[in-house]
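The structure under discussion appears below in the form of structure tokens.
The values are calculated or read from the model by the stated rules, or taken from the named source; none is laboratory data. Bear in mind the structure is a predicted one, so any value in this text is a computation, not a measurement. Backbone-built Cβ (ideal geometry, glycine too); neighbour counts: all protein chains shown.
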Amino acid sequence: MTDRSKQLLELAEKRILVMDGAMGTMIQKRKLTEADFRGERFRDWPSDLKGNNDLLVLTRPDVIADIHSAFLEAGADIIETNTFNGTQISLADYDMQPLAREINVEGARLARRVADEWTAKTPDKPRFVAGSIGPTNKTLSISPDVNNPGFREVTFDQVVEAYQEQVEGLIEGGVDIILIETVFDTLNAKAAIFATEEAFEKLGVRLPIMLSCTVTDMSGRNLSGQTVEAFWYSVRHAKPFTVGLNCAFGADHLRPHAIALAAAADTRIAIYPNAGLPNEMGEYDETPEITAGHLKKWAEEGLLNIVGGCCGTTPEHIGAIARAVEGIAPRKVKARTPAMRLSGIDPITIINAAAE
């Protein structure tokens, strides 16, 4: 484990750490054109590139650096690389599969540079980089063909290969954390965990892993059907630095599922919700004060170790959240009573009554 990773673990024991907000929201605010996404290098690319946000680390690194800096200035301790869709699987939408490793390396280097600049400005508040790994646009658990339930667009091995390339690129670029986020399919997450462990062994390094699930309805299940407690039992073997929830709903609606996860997990909890629910235009109306007010209550109730924002959250939201949780003690991780804990789409705990 690197010195920065050790420093991160030490800080997490002392205070609630703050993550950044929505990269996609901030990119949209820039109103970039097709020419911005293409740059000179991809001027003659045969397909449209607007919307390929990860590509901007190559064509408009100044924009991405400005966004990273804005979140750090607002008070973030941890920024995420602009690599959410940086796998060959997702980049296939733009016929850019060969660029996957380069995008991850450069995305990590860019975030690393900005984080280090802010650490130099505020030595008492070191800044960290989380390598963002999204779920891909394919699912391993569910068939996209209603007439063929057994069909899958990708295999587990293909997803592992794509994720391992991404993780190796992020490590080469200098990230402090591997963040497997917005998990809608637990099997995809397990592929990402396996790929991460393979990369660690190959490169001879080990970094903290953060896992973040997203629930798709008010019942608190992800798309592959698991409750948050069942999700935790499925991924607990990874011994992550944090487990948590992101995206989905605003903090108000996400709260009961965060409580359930915090009750089950014997590790730190990281929560970064959307700025409320989107309106009819797909935009987010929840103000920084409302979002921060919700999350302050969570912190006071002992639910949080790391907190930030997802869709719709701006530097103003992150600044308000940072101020709201300042001085509040982080959640204490409690050991669980030994038991057999299993999961399908629901959890089951088997306790040896004779031993009690």
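Show the residue pairs meeting these rules: Cβ distance below 8 Å; 6+ apart or different chains; first residue within the stretch 175-190 and assigned to a loop (DSSP other than H, G, I, E, B); second residue among the charged types (D, E, K, R).
Final answer for the pair search is VAL175/ARG112; ASP176/ARG4.
Could you say whether any residue in the stretch 262-272 is more than 24 Å from LEU11 (Cβ to Cβ), surrounded by fewer than 24 Cβ atoms within 10 Å (Cβ to Cβ), in contact with a His (Cβ under 7 Å, 6 or more places away or on another chain) and not basic (Lys, Arg)?
No, the stretch 262-272 contains no residue that is more than 24 Å from LEU11 (Cβ to Cβ), surrounded by fewer than 24 Cβ atoms within 10 Å (Cβ to Cβ), in contact with a His (Cβ under 7 Å, 6 or more places away or on another chain) and not basic (Lys, Arg).
Taking the stretch 30-44, which residues are without any contact (Cβ under 8 Å) to a residue 24 or more places away in the chain and not small (Gly, Ala, Ser)?
LYS31, THR33, GLU34, PHE37, ARG38, GLU40, ARG41, PHE42, ARG43, ASP44
Might you let me know whether the stretch 335-342 holds any residue that is at pLDDT 95 or above, hydrophobic (A, V, I, L, M, F, W, C) and under 20 Å from LYS14 (Cα atoms)?
No, the conditions are met nowhere in the stretch 335-342.
From GLU172, GLU181, GLU201, grab the single residue that is surrounded by fewer than 24 Cβ atoms within 10 Å (Cβ to Cβ), of a type in the set (Asp, Glu) and out of contact with any helix residue (DSSP H, G or I) (no Cβ under 9 Å at 6 or more places or on another chain).
GLU201
Can you name the residue in the stretch 196-250 that is among the aromatic types (Phe, Trp, Tyr) and closer than 21 Å to GLN166 by Cβ and, of all such residues, is farthest from the chain's Cα centre (by Cα)?
Out of the qualifying residues, it is PHE200.
Look through ASP20, ASP48 and report the one residue that is within 27 Å of ARG206 (Cα to Cα) and modelled with pLDDT of 95 or more.
Details: ASP48 fails: within 27 Å of ARG206 (Cα to Cα).
Result of the check over ASP20, ASP48: ASP20.
Can GLU102 be described as over 30 Å from LYS190 (Cα atoms) and not in a loop (DSSP other than H, G, I, E, B)?
Details: over 30 Å from LYS190 (Cα atoms): no; not in a loop (DSSP other than H, G, I, E, B): yes.
No; evaluated as a whole, the condition is false for this residue.
So if I check each of ILE67, ILE16, ILE27, which one is hydrophobic (A, V, I, L, M, F, W, C), within 17 Å of THR313 (Cβ to Cβ) and touching a strand residue (DSSP E or B) at 6+ places or on another chain (Cβ under 7 Å)? Write out each step before concluding.
Details: ILE67 fails: touching a strand residue (DSSP E or B) at 6+ places or on another chain (Cβ under 7 Å); ILE27 fails: touching a strand residue (DSSP E or B) at 6+ places or on another chain (Cβ under 7 Å).
Going through ILE67, ILE16, ILE27 in turn, the sole match is ILE16.
Quick one: count up the residues across the stretch 78-100 that are closer than 19 Å to ILE177 by Cβ and of a type outside the set (S, T, N, Q).
The qualifying residues number 5.
Among the residues of the stretch 14-45, which ones are under 25 Å from CYS247 (Cα atoms) and among the aliphatic types (A, V, I, L, M)?
ILE16, LEU17, VAL18, MET19, ALA22, MET23, MET26, ILE27, LEU32
Filter the stretch 78-99 for residues that are part of a loop (DSSP other than H, G, I, E, B), surrounded by fewer than 23 Cβ atoms within 10 Å (Cβ to Cβ) and on the phi < 0 side of the Ramachandran plot and give the result.
First pass over the stretch 78-99, keeping only residues part of a loop (DSSP other than H, G, I, E, B): 81-87, 95-96.
In the following step, the residues that additionally are surrounded by fewer than 23 Cβ atoms within 10 Å (Cβ to Cβ) were identified as 84, 95-96.
Hits for the stretch 78-99 are PHE84, MET96.
What residue, of LEU9, LEU99, is under 29 Å from PHE200 (Cα atoms), touching a helix residue (DSSP H, G or I) at 6+ places or on another chain (Cβ under 9 Å) and not small (Gly, Ala, Ser)? Steps first, please.
Details: LEU9 fails: touching a helix residue (DSSP H, G or I) at 6+ places or on another chain (Cβ under 9 Å).
Going through LEU9, LEU99 in turn, just one is under 29 Å from PHE200 (Cα atoms), touching a helix residue (DSSP H, G or I) at 6+ places or on another chain (Cβ under 9 Å) and not small (Gly, Ala, Ser): LEU99.
Taking strands (runs of 3 or more DSSP E) that do not extend beyond the stretch 207-299, which have at least 1 residues that are closer than 29 Å to PHE71 by Cα, aliphatic (A, V, I, L, M) and at pLDDT below 95?
242-250
With a cut-off of at least 1 residues that are within 19 Å of the chain's Cα centre (by Cα), name the helices (runs of 4 or more DSSP H) lying wholly within the stretch 1-66.
Once the helices (runs of 4 or more DSSP H) in the stretch 1-66 are filtered for at least 1 residues that are within 19 Å of the chain's Cα centre (by Cα), what remains is 3-14, 23-29, 56-59.
Could you tell me which of the residues MET210, MET218 is surrounded by fewer than 20 Cβ atoms within 10 Å (Cβ to Cβ) and in contact (Cβ under 8 Å) with a residue 12 or more places away in the chain? I'd like the intermediate steps shown before the answer.
Working: MET210 fails: surrounded by fewer than 20 Cβ atoms within 10 Å (Cβ to Cβ).
The conditions single out MET218.
Restricting attention to the stretch 136-165, and to residues there that are within 24 Å of ASN274 (Cβ to Cβ) and not β-branched (Val, Ile, Thr), which single residue is surrounded by the most Cβ atoms within 10 Å (Cβ to Cβ)?
Going through the stretch 136-165, the residues within 24 Å of ASN274 (Cβ to Cβ) turn out to be 136-139, 141-142.
Restricting the remaining residues to those that are not β-branched (Val, Ile, Thr) gives 137-138, 141.
On the way: ASN137: 14, LYS138: 19, SER141: 15.
Taking the candidates together, the pick is LYS138.
Since VAL146 meets every condition but one in (1) over 23 Å from ILE271 (Cβ atoms); (2) part of a helix (DSSP H, G or I), which condition does it not meet?
That leaves (2) as the condition not met.
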